[in-house]
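Please treat every number below as a calculation from the coordinates, not as lab data. Please read all numbers here as calculations on a predicted model, not as lab measurements. Every residue, glycine among them, receives a Cβ derived from its backbone with ideal geometry; neighbour counts consider all protein chains shown.
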Amino acid sequence: MSKQLIVVAAAAAFILVLSTGTSHAQVETFGYPAGGAACGTGCGDASIAAQQRSFGYGQMSDRFKATQVQNEKIHARNAAWPKPFACASRQVYHNIWRPMYDAGYEDQNILTGVHFDQDGELTRYGKNQISGMMMNMPEARRTIYVQETADSAETNSRVAKVQDVIQTWYSQRGGMVRVSSRTAVTMSGVRAVDITDKATSSAPAPVIPIADGASGVSSAVSQ
């Protein structure tokens, strides 16, 4: 047998030893990191992953994936700007002003003692007020408030009268009736007219600015 055949046979025997029943101690003896189970039983994914981590490959991969996830998150935030911040600012704005809007609609839709007669029935004025609320208010604002009185029985009677009118004439338009503890801010018609007249009389006369040299326009305006 030649020396070349002897070398080949020895190499084959060495590979056979490694592939059949090689222990941890034997693997470490040959200079390779030990895996989970003996390589002779089949080096699985877990053993390969453990060997890669022992060399640092797994740690580098984990750090790269974490960095990639962080970069994708930053890119998504930058691409969405400024909508998330605008939505948050808009929500803060609405949280401040919404109670004022609600109070304003409540004062607009409130029925007080002037809308009922001495017998507790709705007056013509009260029925017209209900009609205006049901026909002109947005659907989300069709809530009629009845001002609370010192007598709970009287308050409940007024609520029942309003509900009866809504069910009879405006059932298809929805609407609710609630009791309100707010004091309606009212103003007489005379006072409102007086304010309007004073605002109109104190307003300056309209003036059309005329450029220098535009005599034709000036004479036309003066005439």
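Stick to the Cα atoms of the stretch 99-180, pair each with every other, and give me the Kirkwood hydrodynamic radius in Å at one decimal. Before the final figure, lay out the partial values.
Working: mean 1/r = 0.0787 Å⁻¹.
About 12.7 Å, per the Kirkwood formula over Cα pairs.
Among residues other than residue 99 with Cβ under 13 Å from its Cβ, the summed charge is -1 (Lys and Arg +1, Asp and Glu -1).
Ordering 106, 121 from the fewest to the most neighbouring beta carbons within 10 Å gives 121, 106. Length gained on full extension, residue 157 to residue 72: 24.2 nm, using 0.36 nm per residue less the C-alpha separation.
Around the Cα centre of the stretch 152-210, unit charges on the Cβ atoms of Lys, Arg, Asp and Glu (plus for the first two, minus for the last two) sum to a dipole of about 200 debye. Between residue 88 and residue 193, the modelled label-to-label distance comes to 5.5 nm, taking each label 7 Å out from Cα in the direction of the beta carbon. Assuming R0 = 25 Å, can you tell me the calculated FRET efficiency for the pair residue 183 and residue 101, based on Cβ-Cβ distance, to the nearest 0.05? Computed FRET efficiency for residue 183 and residue 101: 0.85.
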